[in-house]
Each structure stands twice: as C-alpha cells, then as structure tokens.
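First comes the structure, then the notes that go with it.
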Amino acid sequence: MTFFRNLKTSSKLIVSFLCVIVCVAILGGIAISRVGEMRGNLQTLYDDRLVPVIDLDKVNGNLSYIRIGALRIMNEQDASKRQNILNEAADDEKEIDALIQKYGATYLTPDEKKTFDEFRPAWKAYNDSRLNTYKWALDGEFEKAKHNAATDAAAKFKVVDEKLKRLIAIQDEVGKELYKQAENDYAFIRNLIIVVTLIVIAIAIIFVVILTKMIAAPLTEITVNVANKLADGDLTVDVEEKGKDEIGQLSQAMKNMVVKLREVMGNARNISDNVASGSEELSASAQQISQGTTEQAASIEETTSSMEQMVANIRQNADNAQQT
C-alpha cells in the first residue's frame, strides 16, 4: 500500500485502469477460448455427426433401391430391362462404397469404429450375395435367384441393416452428448462472465475507494484544515506529510510555507520589538534633553536675575558716588 501511495496520481490512475483492463482481457481470453471450443464442437457436430448421418441415410436409401431392384429383376421378363435394373443397382453400389469410404474418414468413437469395422465386411458379404441374385435373374434363373434372395441374401442383409441402424443410433447418442457439452460450455461462459464482471466491479470499487481516500481526503484536509486556518492567520497549524505523490508534494509545500510564514512573522516580531525598544530609548533621551533644557533655562534665568541685581547695585553705587 505504501508503494501505491507513493506513486504519482497519474500512475495510480494508470495502474487502476490497467488492473481493470487486465481482468477484462482475461475474461475475454477465457471466453474466446471457450467459444473456440464450442465452435470446434459445432464443427465436429456438423462434420462428424450431421454429415455422416445424412450419408448413412443415403446408404440406407441406396440399399433399399438395391433390394427393390432385386425384386424387380426377378420378376422382369424383358432381358433388356433386367440389364437396366442391373446397371442401376451397380450405380447404387458405387455410391454406397463411396459413402462408406467417406464415413470411415470421419472421427469415430471406439464403439462407432467397432460397429463400422463390423459393417464393412457385412456389406461386402451381402453385396456378393446380392450380385448372385442379380446374376441368376439376369440369366433367367428366377427360381434360383428368388431362393438366394429369400435365404442367403436376406440373412446377410439383416446383419447389414442391424449394423447400419446401430451406426445411426451412435450418431444420435454422440450428437446428444455434444449438445449437452455445448450447454455446459454455455453455462460455464455465462457463469464466468458473471463472476468476472462482479470481480471487475469489486476491483473498480476498491480502487475508487482507495483513490478517493488517497486523493480527496488529503486535499480536503489541506484546504479545510490548513488553507482556511492560514487564511485566518493561524500559523500554529501542523501540516502532515503524506506520501511522495503530488498530494504529498503539496503537503510538503504547504508545510514549508507554514514554516516560512512562521519565520517571517518571527522576524517581523523581532523587528517590531527592536523598533519599540528604540522608540522607548528615543523617548527617554528626549525627556532627558527636555529636562536639561529646563534646568539650563532655570540657570539662565537665575544668572539673568543675578546680573540684573548686579546692574542695580552698580547703578546704586554710581548714584551714591555722584551724591558724595
């Protein structure tokens, strides 16, 4: 606290604002980080869950087309149309293979990978059996084709269908987990913003109180307790030096001013005392001079009286001399 008190006022303000800015920056950094994680989860939800679900749905649709094609080809008497059905099924097969390869390139959970590894050979086994059904139907061996479709191909398709449904269910499960995680991230960011906002407000209030105490209170003391007393001529006021900031420097300057004023008043008092003493001495000298003058006047008057008496005596003697 002493270090902070001795800082310049501008430095105090800068430190206060920097603390608030740092808190806000930390909040922003954490929020951005968590938002980035949320964005990553959303990207994962789209790339590894939504798109794969769409692709699996396409696989399921193409499998349905292939099975429908098997029914059509086994009941089609026109050889050219049977060939067209076979070609359509071949296109569906290629699309399924492409979708399976695309699906395998996405992120797979352990359970999902296990199911997918079981799905691929099951699909190959069913597709081989399905090709036999198409081949026999194309060659006109309808009974053999129907028997294969109803037995071997049907059993193998059941495995494919189970694995495919399990993969779709896994997508739903993982999607729900990601959604739950997104909700948790949202709650975390919301709570973090609330907590950090309250902390920033608390820090701001603390700095306001500290700065008010360090700036306003000393200024009030200087203006009320010092300046006003000096204006009333009270030089007994004691100025307390507080810190080394501008307020402390102002307090020191006021303290120095009070000391100088005391010295000036002391010198003035000494000069006044000296003047008063000189005046008393001058008054005493004047009294002595006045007394001496009075005494001299009395002496002169006595001398004059004596001389007049002498003149009278001389005249009397002269008159007596003339008579004789």
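Derivation of every value follows stated rules applied to the coordinates shown; laboratory data play no part. Just so we're clear, the structure is a prediction, and the values are computed from it rather than from any experiment. Reconstructed Cβ throughout: ideal geometry from the backbone, glycine too, with neighbour counts over all protein chains shown.
Whole-Hz Karplus ³J(HN,Hα) for segment 95-102, in order, using 6.51 cos²θ - 1.76 cosθ + 1.60 and θ = phi - 60°, x for Gly and Pro?
For segment 95-102, the Karplus curve yields 5, 4, 4, 5, 5, 5, 5, 5 Hz.
Can you list the trypsin sites (Lys or Arg not before Pro) in segment 119-220 that are in a DSSP coil and have 10 or fewer other beta carbons within 10 angstrom? Walk me through the numbers on the way to the answer.
Numbers: sites: Lys124, Arg130, Lys135, Lys144, Lys146, Lys156, Lys158, Lys163, Lys165, Arg166, Lys176, Lys180, Arg190, Lys213; in loops: none.
The qualifying sites: there are none.
Residue by residue through segment 169-176, which ³J(HN,Hα) values in whole Hz follow from phi under the Karplus form 6.51 cos²θ - 1.76 cosθ + 1.60 (θ = phi - 60°), with glycine and proline marked x?
5, 4, 4, 5, 5, 5, x, 5
Give me the three principal axis extents of segment 2-212 from the C-alpha atoms, as integers in angstrom, largest value leading.
Extents along the principal axes: 103, 27, 19 Å.
Within the set of other residues whose C-beta is less than 10 Å from the C-beta of Thr106, count the net charge using Lys and Arg as +1 and Asp and Glu as -1. Before the final figure, lay out each step's value.
Values: positive: Arg49, Lys102; negative: Asp47, Asp48, Asp55, Glu112.
Value of the local net charge: -2.
Using the Karplus equation 6.51 cos²θ - 1.76 cosθ + 1.60 (θ = phi - 60°), what ³J(HN,Hα) coupling, rounded to whole Hz, does each residue of segment 188-197 give in order, writing x for Gly and Pro?
4, 4, 4, 5, 4, 4, 5, 5, 5, 4
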